[in-house]
């Protein structure tokens with residue numbers, strides 16, 4: 001399929017109008033993420049029911065009109081979360097109506113991480129040439145092979161959706177997939193939760209609440225500076241330095257010398273900002289400090305988590321779904337810590353979407369109450385399977 005390369009303002013405006021008026025648009029992006037706060041778009045590929053286009057993101061000064069145009073149509077892509085996060089970070093908007101063919105395929109038994117090439121080959125019978133996966137997309141002009149690769153990554157998405165959608169309807173799973181994809185169209189899905197960002201720093205689980213307060217302020221300060229300078233946060237302050245600062249609680253510039261990984265240039269540029277973040281955290285009242293993160297289950301509860309995980313794996317196998325799509329391990333760990341004794345509280349602690357609860361809540365509740373059991377069947381036949389036996393067992 002011939003796809004024009006859009007690189008000047010007039011044709012870009014015409015393309016944005018075409019996107020706004022289209023019933024649906026397929027999208028893919030190529031980006032570089034090594035040296036900027038948010039990944040920098042190099043190329044945006046678009047496909048319509050009657051053609052395709054390649055947007056040269058480096059030749060255009062502002063891609064916000066394209067991001068805005070996409071909010072007026074239905075967007076279809078594969079593994080879309082990374083692409084849409086760029087739009088959220090760079091432009092502050094994402095399209096509300098989204099379908100991700102990787103998610104759709106997961107509900108049909110293809111696994112959680114099926115590649116576009118494998119899915120297109122299986123569903124559409126087309127082999128994609130993937131020779132340009134390591135291309136430098138900042139280089140211009142594009143070679144003929146690069147253009148072919150860019151077009152191939154987007155033109156099969158609409159036919160792929162059209163093939164997957166009726167299969168989902170037939171299996172009664174289209175609403176499940178729709179519900180799962182709906183989250184991708186929510187801008188909050190991509191925003192950093194500043195209240196919990198500090199938990200990503202190694203060593204946070206070992207800190208007391210005052211240290212966590214300092215850590216939280218330092219992480220906020222680092223993120224603000226990284227965004228202003230359009231740098232990766234690690235270029236501002238590495239994680240281990242942030243963690244070290246939270247522990248030593250510096251009050252003077254001289255105190256920063258205790259960290260050998262904090263070089264002189266960083267001390268000069270960020271010293272006052274660091275001390276300010278520490279001072280703000282030290283001024284917090286006790287009840288304003290972050291709570292310590294939930295610890296992993298005690299060793300005595302770990303077998304319960306593993307037992308429930310085995311049950312989830314069996315439920316997922318019977319439903320032909322990936323186990324990780326059903327229940328995250330963190331939900332099972334919450335159950336093992338809180339041990340809810342009422343069904344409503346049990347479901348609240350699981351904190352799952354309705355379609356997930358419909359599959360797992362009853363069997364997990366029955367297992368936890370001792371009203372069902374896990375059994376191995378078919379072992380003597382050489383085909384062992386774990387089954388959830390729903391008949392009452394002896395107490």
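The values are calculated or read from the model by the stated rules, or taken from the named source; none is laboratory data. Keep in mind it's a predicted model, so treat the numbers as computed, not measured. Cβ placement follows ideal geometry from the backbone for every residue including glycine, while neighbour counts extend to all protein chains displayed.
For the range 272-300, how many residues are within 30 Å of residue 374 (Cβ to Cβ) and either more than 30 Å from the chain's Cα centre (by Cα) or buried (at least 16 other Cβ atoms within 10 Å of the Cβ) (or both)?
2
Given the criteria surrounded by 19 or more Cβ atoms within 10 Å (Cβ to Cβ), out of contact with any strand residue (DSSP E or B) (no Cβ under 7 Å at 6 or more places or on another chain) and touching a residue at least 60 places away in the same chain (Cβ under 8 Å), does residue 107 qualify?
yes
Consider the range 28-57. How many of its residues are farther than 26 Å from residue 223 by Cβ and over 23 Å from the mean Cα position of the chain (by Cα)?
Total meeting the criteria: 10.
Count, please, the residues in the range 148-162 that happen to be surrounded by 17 or more Cβ atoms within 10 Å (Cβ to Cβ), over 15 Å from residue 27 (Cβ atoms) and modelled with pLDDT of 95 or more.
Counting residues in the range 148-162 that are surrounded by 17 or more Cβ atoms within 10 Å (Cβ to Cβ), over 15 Å from residue 27 (Cβ atoms) and modelled with pLDDT of 95 or more gives 0.
On the given criteria, is residue 359 in a helix (DSSP H, G or I), surrounded by 16 or more Cβ atoms within 10 Å (Cβ to Cβ) and more than 28 Å from the chain's Cα centre (by Cα)?
The answer is no for residue 359.
Go through the range 58-89 and give me each residue that's over 19 Å from residue 18 (Cβ atoms) and more than 17 Å from the chain's Cα centre (by Cα).
58, 61, listed by residue number.
How many residues, within the range 222-234, are free of Cβ contacts under 8 Å to residues at least 60 places away in the same chain and within 19 Å of residue 33 (Cβ to Cβ)?
Going through the range 222-234 one residue at a time, the tally reaches 5.
Which members of the range 260-271 meet the condition of being under 33 Å from the mean Cα position of the chain (by Cα) and within 23 Å of residue 210 (Cβ to Cβ)?
If the condition is that a residue be under 33 Å from the mean Cα position of the chain (by Cα) and within 23 Å of residue 210 (Cβ to Cβ), then 261, 262, 270 are the ones that fit.
Tally time: how many residues in the range 363-381 are surrounded by fewer than 16 Cβ atoms within 10 Å (Cβ to Cβ) and within 19 Å of residue 316 (Cβ to Cβ)?
Residues in the range 363-381 being surrounded by fewer than 16 Cβ atoms within 10 Å (Cβ to Cβ) and within 19 Å of residue 316 (Cβ to Cβ): 5 in total.
Has the range 42-51 got any residue that is closer than 18 Å to residue 160 by Cα, out of contact with any helix residue (DSSP H, G or I) (no Cβ under 8 Å at 6 or more places or on another chain) and assigned by TED's automatic domain parsing to the domain that holds residue 103?
Yes, the conditions are met somewhere in the range 42-51.
Report yes if residue 43 is in contact (Cβ under 8 Å) with a residue 60 or more places away in the chain, touching a strand residue (DSSP E or B) at 6+ places or on another chain (Cβ under 9 Å) and under 21 Å from residue 144 (Cβ atoms), otherwise no.
It is true that residue 43 is in contact (Cβ under 8 Å) with a residue 60 or more places away in the chain, touching a strand residue (DSSP E or B) at 6+ places or on another chain (Cβ under 9 Å) and under 21 Å from residue 144 (Cβ atoms).
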